[in-house]
Amino acid sequence: MQMFSIISMVKNMDLNFDLRNIKNIVTKKNFYIRNFFLIISIALLALNYNLFLVPNQIVIGGTSGLAIIMEKLFRLSPSIFIGLTSVVLIIMAIIFLGWKETSRCIIGSLLFPFFISVTEPLAKYILPYIELDSMILVVIIAGILCGVANGIIYKIGFNTGGSDIVMKIMNKYGKIPEGKAIFSINIVIMLFGCIVFGANKFIYSLIVLFLNTTLIDRILIGVSNSKLFFIYTKEQEKVKTFITEELKTGVTLLQAKGGFSGEKSIVLMCVVPNRDYYYFKEMVLEIDKEAFFVINDCYEVKGGIYKKNNRKNNLNKKFF
């Protein structure tokens, strides 16, 4: 019994050791390239902030949005306000979240106010040469630049601190989901901006925020180029033959059990290119009119025998 406990303890130690090594490998992977893109993205974010958000009083939440409000009310420079707030939030992150969690946001927290102060004179120089007749154009450009810059920053595993730190503290100690926490913070700041700058600016802020979050999602998870099918059918062999011989792609058979009936069955899992989606769905229903399937967007496929169909869309031509 004692020997078994010692062996279990050694195995657990080995497991923890391996996990630490894996975390270190992931953290250090492409370190210099990731930091290069972090610097470029934060510089772009800061330039966009000084070019489009501050002059047009567009508040999209976070400490940067709060800084625009503070400038209006107290004539306080946004770079100074964001810099001071960042230092306070970094100290809070170290106290409440620990150094490991803080290390992911400390670089962004310090670089963002730095680049805001650096790009401020550059933005003032460029601004007279930017002739945009419509406020909608300003909002669209601002939203795209925000989304691209933030998307790259999150994609490489960093963030710019600010409200992200507050969100993580709320999540850890208040047990509030991160999405709900960041939404609550940003909506309060945006409503404050609505009171200060009016409803029109609030609408523009919503458009920028929508473009920002949409582009972040697209950069993080990509654009869906295929569909993932889970199919329950009594004609398993026919459907499987169609997938492997007609579509020339792989299929996985999953053991399943009905939650209500308790009957054991097989569920087919298959990834299908978007262009074959309609044909594939209709073919399965033609093979088995009572087939049950669930379809999800599929953003990335690696390994297996998934193949992009290179038959010059013969399937769709054949179907029609």
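Give the range of the longest stretch in the chain that excludes all trypsin sites (Lys or Arg not before Pro) found in loop regions by DSSP and having at most 15 other beta-carbon atoms within 10 Å. Intermediate results must be reported in sequence, preceding the final value.
Details: sites that count: K29, R75, K175, K234, K248, K289, K302, K307, K308, R311, K312.
For trypsin sites (Lys or Arg not before Pro) (loop position, at most 15 other Cβ atoms within 10 Å), the longest site-free span of the chain is 76-174.
So if we plug the beta-carbon distance of V196 and I126 into 1/(1 + (r/R0)^6) with R0 = 30 Å, what FRET efficiency do we get, rounded to 0.05? Display every interim value, and only then the final one.
Numbers: r = 26 Å, r/R0 = 0.87.
Computed FRET efficiency for V196 and I126 comes out at 0.70.
Hey, with R₀ at 30 Å, roughly what FRET efficiency would L76 and I156 work out to, going by the Cβ-Cβ distance, to 0.05?
Details: r = 32 Å, r/R0 = 1.05.
For L76 and I156, the calculated efficiency is 0.40.
Let me understand the range 90-162 better: what is its radius of gyration from the alpha carbons, and its Dmax, in angstrom?
16.0, 48
For I39 and V294, calculate 0.36 nm times their separation in residues minus their Cα-Cα distance, and state this gained length in nm to one decimal. Please list the in-between numbers first.
Values: separation 255, 0.36 × 255 = 91.80 nm, distance 4.21 nm.
Taking 0.36 nm per residue and subtracting the Cα distance, the gain is 87.6 nm.
Lysine pairs in the range 15-158 with alpha-carbon atoms under 30 Å apart, 8 or more places apart or on different chains: how many are there?
Values: K23/K100; K23/K155; K28/K100; K28/K155; K29/K100; K29/K155; K72/K124; K100/K155.
The number of close lysine pairs in the range 15-158 is 8.
If you keep only loop residues by DSSP, which GluC sites (Glu not before Pro) in the range 264-305 have at most 12 other Cβ atoms within 10 Å of their Cβ?
Values: sites: E282, E286, E290, E300; in loops: E290, E300.
Passing sites in the range 264-305 are E290, E300.
Pull out a ≥ b ≥ c, the square roots of the eigenvalues of the alpha-carbon gyration tensor of the chain, then state rounded if a/c is under 1.5, prolate if not and a/b is larger than b/c, and oblate in the remaining case. Provide the component values of the computation, followed by the final result.
Numbers: a/c = 2.44, a/b = 1.51, b/c = 1.61.
Since a/c reaches 1.5 but b/c is at least a/b, the shape of the chain is classed as oblate.
For the range 241-275, which GluC sites (Glu not before Pro) pass both filters: DSSP loop (anything but H, G, I, E, B) and at most 13 other C-beta atoms within 10 Å?
E263
May I ask you to list, by number, the DSSP H helices of the chain whose Cα span along the axis is at least 30 Å and whose average Kyte-Doolittle hydropathy reaches -0.5 or more?
Numbers: long enough: 2-28 (39 Å, 0.09); 99-126 (40 Å, 0.62); 199-221 (33 Å, 1.33).
Span-like helices, by this rule, are 2-28, 99-126, 199-221.
Pick from N296, N21, N186 the residue whose mean-square fluctuation is largest in a GNM of the chain, springs joining Cα atoms under 10 Å.
Among N296, N21, N186, the largest mean-square fluctuation in the Gaussian network model of the chain belongs to N21.
Loop-only GluC sites (Glu not before Pro) in the range 60-168, please: DSSP not H, G, I, E or B, and at most 16 other Cβ atoms within 10 Å. If you can, show how the numbers build up before the last one.
Details: sites: E71, E101, E131; in loops: E131.
Those that pass, being in a loop and sparsely packed, are E131.
For the pair I91/N225, report the inter-label distance in nm, with labels modelled 7 Å from Cα in the Cβ direction.
Label-label distance for I91 and N225, simple model: 4.9 nm.
Determine the calculated [θ] at 222 nm for the chain from helices alone, applying -39500 (n - 2.57) to every DSSP H run no shorter than 4 residues and normalising by the residue count; nearest 500 deg cm²/dmol. Before the final figure, lay out each step's value.
Values: 12 runs with 205 residues, N = 320.
Rounded to the nearest 500, the figure is -21500 deg cm²/dmol.
Read-outs: derived from the displayed coordinates by stated rules, not from any lab. Since this is a predicted model, take the numbers as computed values, not measurements. With ideal geometry, Cβ positions are generated from the backbone for all residues, glycine too; neighbour counts draw on all protein chains shown.
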